[in-house]
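To keep things clear, I will list the structure first and then write my remarks on it.
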Amino acid sequence: MFWRSVVGKLWFTILLLVCFVLFILTVLLLEFFQNYHVVEAERHLLQTADRISDVVDRYEQEEDLLLSTTALVKDPASRAVIVLSEEEQLVSESDSDSLPVLDYAWFENDEDTKTVLNEGSDVKKVADLGNGETGVMVVGTPLDNRDGAVFVYQSLDTIEETSEQTTKIIFLGAGIAIVLTTIFAFFLSTRITAPLIKMREGALELAKGEFNTKIPIRTHDEIGELAMAFNRMGRELKFHINALNQEKEQLSGILRSMADGVITFNREGAVLISNPPAQQYLEAYEFERNAASASADQTSLPEPLMDLFNDVITDENESMIEMTLQGRSWVIIMTPLYDKEKVRGAVAVLRDMTEERRLNKLRKDFIANVSHELRTPISMLQGYSEAIVDDIAESKEDKNELAQIIHDESLRIGRLVNELLDIARMEAGHIQLNEESVEMEPFLNRIIRKFSGIANEKSVDLNLKVEGEFGLIEFDPDRIEQVFTNLIDNAIRHSDPGSEVQVILEKEENEWIASVKDSGYGIAEEDLPFVFERFYKADKSRKRENKNYKKGTGLGLAIAKNIVEAHEGTISVHSKLREGTTFTFKIPFSHKEK
């Protein structure tokens, strides 16, 4: 808006100042000229009266000559009255019809004019005739050598006309001055505001992040210096912003590369910064709290850390706790953050101690697990072979049955050894993938059909849910089928009759996600960290009511994990007792979809 701009304000200020000065000057000039015209008119009339007085002294006896000479001496618009005595007086003619004739009685009755007749002194006055006509200016002077006086008067209209002409000239000059002032004000304000407008545009560009914006320097006055300071400010801002971005990227890189989780809270307990390991903790907490898909969108302080956070903020001391969440052990160290001398929040370092405990457990359990897995078949081989050697089995059928048991146990030992070798090769990085372009839906439908018979036997509803459109995807179909086979087989074996096993396929921007979800017995929280380890079996957390299923070796999930990681993917599990288990693995697109 014009009135809010610098141009409008400057113009209005200058115009108001000039108008105020012109108003005062006009009032003074009008008053001066009005008084000047009155004084000049009185002086002129008094001079005229003196001349007429001289004429009277010279032509006293010649009345006609006296009147004609008086007409020549005075102003045509005025009138002269020569009072020789109370009975004798001469009145000259006037060109002004509105000018009345004043007789001796009027002069005698007026307080001011009668002093001329009585005291012989000069008189100047403005008289109001009182009959609605314009007032008159009257001057009187006594005759020199005899009694009597000469009065000359004229209408005030003449003076008012002169004053009006003077007033018009003054107002015309004031109007011209206002116009010139307006032009000058706009010129001056434009010279001032044009650089300011450039600076405003530059400031808006700076606010958008355009730090290369420069203001042209066209003058070397204060505005030019301001433009130089603005350009210097832009360079300094660019330098400092780049420095801050570099520091931020460096800090972000450090946080991302840290093995420990880091979470920063403000004084109200809201999450400000977190790195990927901390996100894992938040996801696990969300799943634990909501029993739904884990999402790390929360920005509030997790409840398990609330007491620790309150102690840190109140006591301003470092505190530490150890807790278990979704089967993973976390050691959390929280330290207050200071803003000068005031605590502005806290930073928590979360160390996942699960791996250390897992390694300790593996060292203790590996030999026991291998011994346990081999002891049973070896004992059976030894026992049944001794039965054959000692002829305990007398009939051919009994010997064949014992031989079949020995054969099955040897096959079991062979499977166990082969799977151990597969895991060893995978963990050593010697796994070889034969990637092909595979259509996902037909691929998964074939796997679902393969398990439909087993699912029907157990009265489990096995179904497939595909979200999104999938074209051809590059992966090793045999290896991925082995992963699906293991996960689906486990889900069916550990589900109650009448329950549901669901295979879900989803598509993200850079990866595809597969989930196998059951509503079976679930896995105990303390066993969750170890489900992908060798020889892990869910006997402690899941029941096996159907004895017809073959006993597993405990290596299937470990193999599945290695296959997924060989595809540069990740696999995870979320479970709750009596609510079910969800295995999810994510594999990035190795090639664009065709």
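Observations on the model:
- Per-peptide packing, taken as the mean over residues of other Cβ atoms within 10 Å, places 38-50, 148-160 in the sequence 148-160, 38-50 from highest down.
- Sum of -39500 (n - 2.57) over DSSP H runs of 4+, divided by residues of the chain (222 nm, nearest 500): -18000 deg cm²/dmol
- Those residues of region 246-265 whose amide nitrogen sits under 17 Å from the label point placed on ARG289, 7 Å along Cα→Cβ: 263-265
- Lys/Arg +1, Asp/Glu -1 at C-beta; the chain dipole; positive extreme among PHE186, VAL389, ASN231: VAL389
- Debye, to nearest 20: dipole size of the chain, +1 on Lys, Arg Cβ, -1 on Asp, Glu Cβ: 5500
- Pairs beyond 20 Å (Cα-Cα), from LYS517/LYS561; LYS507/LYS576; LYS458/LYS517; LYS450/LYS517; LYS458/LYS586; LYS450/LYS586: LYS507/LYS576; LYS458/LYS586; LYS450/LYS586
- Gyration tensor over alpha-carbon atoms, region 151-199, equivalent ellipsoid semi-axes in Å: 48, 5, 5
- Gain upon complete extension [LEU251, GLU87; 0.36 nm per residue less C-alpha separation]: 46.8 nm
- Cβ-defined net charge surrounding VAL343, 15 Å radius [Lys, Arg +1; Asp, Glu -1]: -3
- Listed options for percent of Cα pairs over 34 Å apart are (1) 46; (2) 70; (3) 39. The value calculated from this structure is the one marked (2).
- Calculated FRET efficiency for the pair LEU577/GLU268, C-beta based, R₀ 45 Å, to 0.05: 0.80
- Top positive-direction residue, dipole computed over the chain with Cβ charges, set ILE159, THR584, LEU487: LEU487
- Extending 7 Å from Cα along the Cβ direction at GLU205 and again at GLU316 yields two label points whose distance is 4.8 nm.
- ³J(HN,Hα), Karplus 6.51/-1.76/1.60, whole Hz, each residue of region 277-290, x for Gly, Pro: x, 5, 4, 4, 4, 5, 4, 5, 5, 5, 5, 4, 7, 9
- Put simply, the amide H of LEU301, placed in the peptide plane, has neighbours under 5 Å in VAL271, leaving out anything fewer than 5 places away on its chain.
- Rg over Rh, two decimals, region 19-101 (C-alpha only, Kirkwood Rh): 1.21
- Convex hull volume of the Cα atoms of region 34-80, normalised per residue: 56 Å³.
- Debye equation applied to the C-alpha atoms of region 90-202, log10 I(q)/I(0) at 0.18 Å⁻¹: -0.95
All of the numbers you see were taken from the coordinates with simple rules; none came from a lab. Because the structure is a prediction, the values reported are computed rather than measured. No Cβ is skipped: glycine too gets one built from the backbone with ideal geometry, and neighbour counts run over all protein chains shown.
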